[in-house]
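Undergrad: Below is one structure. I have some questions about it.
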Amino acid sequence: MLSIRRDIVDAIVAHARKDHPDEACGVVAGPVGSDRPERFVPMLNAARSPTFYEFDSMDLLRLYREMDDNDEEPVVIYHSHTATEAYPSRTDVSLANEPGAHYVLVSTRDDDTQDFRSFRIVDGEVTEEEVQVIDGE
Amino acid sequence: MAVEVRIPTILRQYTGGAKTVEGAGDTLAALIDDLESKHPGLRDRLVENGSLRRFVNVYVNDEDVRFLGGEKAALTDGDNVTVLPAVAGGAR
């Protein structure tokens, strides 16, 4: 299960809407081993594409250095699908390299329905999990 | 000639869990050969048909090796090499 604060969910959805029709991407970092997504880090989609996302390689290096220095890890890795449902594609699965992360997908296909889902992707296997949104703070 | 190599979480299964390992080589390709001799299986995760994999990023002293000649990038004693899998995907 993914437990995540409402303000972070809102920030992810807002980022996805803002970058639509391109895919938006980013991470939510949290203390190593805590499973708590706490620090929202929107990233630039270097591919600037409606069907693909990739962190810029130098941004990626800076992000991982920063997380290392803060004793953080990528608790959530999120991206949007802009014309399809919020479910990992074959590309998503083959490129998923953080078995410890919650892979969050948001679909911006419809203007008014919010499609926010979370998955584990380990060794090519996708498992959907419940999302618990925490209010307050 | 020693080079420090930072290994990402997903590849630590080849390094006995170690986050950094030491290797030697005057090019990235030679370093990867040396790493393979100590940590079998690692090379395949970095290299495909003699070239660096498209979705693996390698940095020498914080510079992307794609701009330093890729697997032919020169290394010298004391260099730091970082390996990071790309964070990528998409509906396509």
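Each reported figure results from applying straightforward, stated rules to the coordinates on display, with no laboratory input. Predicted model only: the values in this text are computed from it and were never measured. For neighbour counting, all protein chains shown are included, and Cβ atoms are generated from backbone atoms with ideal geometry for every residue, glycine included.
Undergrad: Would you mind pulling out the separation of the Cα centroids of region A:24-75 and region A:1-15, in Å?
TA: First find each Cα centre; the distance between them is then 14 Å.
Undergrad: I would also like to ask the following. Taking the beta-carbon count within 10 Å as an exposure proxy, list A:S80, A:S107 from fewest neighbours to most. Could you put the intermediate results ahead of the total?
TA: Details: A:S80 31, A:S107 20.
Exposure proxy ranking, most exposed first: A:S107, A:S80.
Undergrad: To the nearest 20 Debye, how big is the dipole of chain A about its Cα centre, given +1 on the beta carbon of each Lys and Arg and -1 on that of each Asp and Glu?
TA: Dipole size: approximately 240 debye.
Undergrad: Give me the Kirkwood hydrodynamic radius of region A:1-61 in Å, from all C-alpha pairs, to one decimal place?
TA: Radius from the Kirkwood sum: 12.5 Å.
Undergrad: To the nearest Å, what is the center-to-center distance of region B:27-63 and region A:102-135, using C-alpha atoms only?
TA: Taking the Cα centre of region A:102-135 as reference, the centre of region B:27-63 is 33 Å away.
Undergrad: Oh, and also: In terms of the Cα gyration tensor, with a ≥ b ≥ c the square roots of its eigenvalues, is chain B rounded because a/c is under 1.5, prolate because a/b exceeds b/c, or oblate?
TA: Working: a/c = 1.58, a/b = 1.22, b/c = 1.30.
Oblate.
Undergrad: Let me ask you something else. Let me check I've understood the local charge: for B:R53, count other residues with C-beta under 15 angstrom from its C-beta, Lys and Arg +1, Asp and Glu -1. What total comes out? Each step should come with its number before you reach the end.
TA: On the way: positive: B:R43, B:R45, B:R54, B:R66; negative: A:E54, B:E36, B:D44, B:E48, B:D64, B:E71.
Net of charged neighbours comes to -2.
Undergrad: Taking the Cα of B:K72, stepping 7 Å toward and past its beta carbon, and measuring to each backbone N in region B:20-38: which are under 18 Å?
TA: B:26-33
Undergrad: With the cut-off at 1.5 for a/c, could you classify the protein assembly as shown from its C-alpha gyration tensor as rounded, prolate or oblate?
TA: It is prolate, given that a/c is not under 1.5 and a/b is the larger ratio.
Undergrad: Here is a follow-up. For region A:2-134, count all C-alpha to C-alpha pairs, find those more than 26 Å apart, and express that count as a whole percent of the total.
TA: Roughly 13 percent, once rounded to a whole number.
Undergrad: Now, a different point. Rounded to the nearest 5, what % of the DSSP beta bridges within the protein assembly as shown are antiparallel ones?
TA: Bridges in the protein assembly as shown that DSSP calls antiparallel: roughly 75 percent.
Undergrad: Antiparallel as a % of all DSSP beta bridges within chain A, to the nearest 5?
TA: Percent antiparallel among DSSP bridges in chain A is about 70.
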